[in-house]
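Some notes on the structure that comes next.
Readers should treat all values here as calculations from the given coordinates under stated rules, not as data from a laboratory. Since the structure is predicted, the reported quantities are computational estimates derived from the model, not experimental observations. Every residue, glycine as well, gets a Cβ built from its backbone with ideal geometry; the counts of neighbours run over all protein chains shown.
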Amino acid sequence: MYDSVWAYSFILLLCGVLCLRCPFQRRMVRDSLSMLAGCAAALCVLCFFAWGVSLNFIIVSAITLAVLLINLPCMGRFLSGLRHGRFSSGMIVGSFLVLPLAALSLCVIIYSRPVVFSPASLGVTVRDGTLTGSFTGGFTGRTGPLQPVNVRVTDFSPADRADAPLVLFVCDPRSSIRDYAPFLVLLAGEGFQVKGAEFFVPGNRRFPPPLNAQSVRAFTARVYSLAAPEGFAQKQGDFDAAAARDVDALVNLYGPEAARAGRKVFLLSDSNERVLAQAAAKYPATVTAWAALAVGPRAGFGCVEQTSPLLARYFGTQRDPTLARPRDAARKCRVFFSGDRL
């Protein structure tokens with residue numbers, strides 16, 4: 001997530017270079033710089049697969065697309081081996097219209113950058129994994145690159161604690177595991193092994209197929225819940241049913257083995273209280289307790305003060321490098337899971 005800031009900044013700098021080259025056209029023999037527009041577009045595609053859709057991605061992609069369209073004639077001349085002529089008046093005007101937008105976007109992205117923190121400084125190891133399968137047939141590790149990714153699992157483990165209690169974290173559809181990473185790292189630092197999972201199973205969609213893709217679902221749910229809160233509330237029953245299937249699969253994946261080893265197993269979320277309570281009642285021999293508490297200014301959106309400062313501004317708060325809210329939530333979880341009340 002932190003790397004996305006550098007990637008988007010680099011793309012905007014490429015766009016800025018393309019817009020600034022117009023005054024130097026008399027010195028050009030071949031306009032090789034025009035090919036940077038294609039490079040910027042290719043980097044946007046890679047960013048989509050790496051971090052998915054976000055507001056920053058949409059802004060950077062729109063600017064990159066405008067620069068690409070402006071520079072298409074120049075790219076065609078260069079690829080055809082023609083010498084550089086004169087830039088058209090439309091290209092010059094377009095470049096100087098896009099340039100301030102790129103500069104403003106760069107400032108916003110840097111200003112609203114996520115908070116950097118080090119899991120290693122807390123003695124926490126973070127491992128990402130992927131599974132393939134279905135709810136009926138079960139989930140297994142992928143054995144080849146062509147197998148679909150149906151589950152993304154992130155493990156947050158404290159060092160030298162093989163017997164640590166296991167916390168199974170359930171993600172809200174409006175966020176991904178990385179949106180909760182500050183809280184989950186701090187919770188692992190409190191002595192718990194945390195496994196968070198996101199399920200992308202065809203039979204358990206929250207939205208129509210194009211909007212339910214891994215790179216789009218969380219952004220779709222956020223926009224839907226903010227733009228149409230009443231419609232989002234009306235679909236809460238469908239979301240809870242999908243979340244219940246996710247929770248069942250997560251418990252069956254990791255709960256029985258941990259319980260057989262004598263480890264306590266807890267369910268945790270910042271929403272979906274009803275789903276967690278039903279799962280705890282369904283698996284009394286596995287699940288020790290459950291808890292649902294907000295780790296950010298609004299339930300369901302994750303630690304936006306650390307991961308999405310622009311959204312935190314919208315919620316009336318601001319970027320917090322001290323990790324105060326997720327640190328307090330991690331402490332409350334430790335107290336509650338130790339047997340006391342919050």
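By the helix-only formula, in which each DSSP H run with n ≥ 4 contributes -39500 (n - 2.57) and the sum is divided by residues, the chain has a 222 nm mean residue ellipticity of -16000 deg cm²/dmol.
Could you tell me how many degrees, from 0 to 90 and to the nearest 10, lie between the Cα long axis of helix 36-51 and the main elongation axis, the longest principal axis, of the Cα atoms of the chain? Between helix and principal axis, roughly 10 degrees.
A value for Rg and Dmax of the Cα atoms in Å was derived from the coordinates, and within the list [x] 23.5, 78; [y] 24.5, 79; [z] 20.3, 78 it appears as [x].
Dipole size of segment 194-322 about its Cα centre, with +1 on Lys/Arg Cβ and -1 on Asp/Glu Cβ: approximately 140 debye, rounded to the nearest 20. Near residue 167, the amide H atoms lying under 5 Å from its own belong to 193, 194, 195, 266; only residues 5 or more places off or on other chains count, and H is placed 1.01 Å from N. Against the main long axis of the alpha-carbon atoms of the chain, helix 89-111 sits at an angle near 30°.
Which percent of Cα-Cα pairs in segment 37-160 sits in each 10 Å bin, short to long? With 10 Å bins starting at 0, P(r) equals 10, 24, 24, 21, 14, 7, 1. Given +1 at the Cβ of Lys and Arg, -1 at the Cβ of Asp and Glu and no other charges, the dipole of segment 244-317 around its Cα centre is 120 debye to the nearest 20. Among residues other than residue 317 with Cβ under 13 Å from its Cβ, the summed charge is +2 (Lys and Arg +1, Asp and Glu -1).
Taking the chain as the reference, fit the longest principal axis to its C-alpha atoms, fit the long axis of helix 55-79 to the helix C-alpha atoms, and give the angle between the two in degrees, 0 to 90, nearest 10. So the helix axis and the longest Cα principal axis differ by about 30 degrees. As a proxy for reagent exposure, ranking 207, 57 by other Cβ atoms within 10 Å from fewest up yields 207, 57.
Computed about the Cα centre, the dipole magnitude for segment 89-207 is approximately 340 debye when only Lys and Arg (+1) and Asp and Glu (-1) carry charge, each at its Cβ. Which shape class applies to segment 211-329: rounded if a/c is under 1.5, otherwise prolate when a/b exceeds b/c and oblate if not, where a ≥ b ≥ c are the square roots of the Cα gyration tensor eigenvalues? Oblate is the answer for segment 211-329, as a/c is 1.5 or above yet b/c matches or exceeds a/b. Look at the dipole of the chain built from charges on Cβ: of 194, 70, 283, the Cα furthest out on the positive end belongs to 70. Computed from backbone phi with θ = phi - 60° and the Karplus coefficients 6.51, -1.76 and 1.60, the 3J(HN,Hα) list for segment 274-279 is 4, 5, 5, 5, 5, 5 Hz; x is used for glycine and proline.
Under the combined filter of DSSP loop state and at most 13 neighbouring Cβ atoms within 10 Å, segment 70-126 retains these trypsin sites (Lys or Arg not before Pro): 83, 86.
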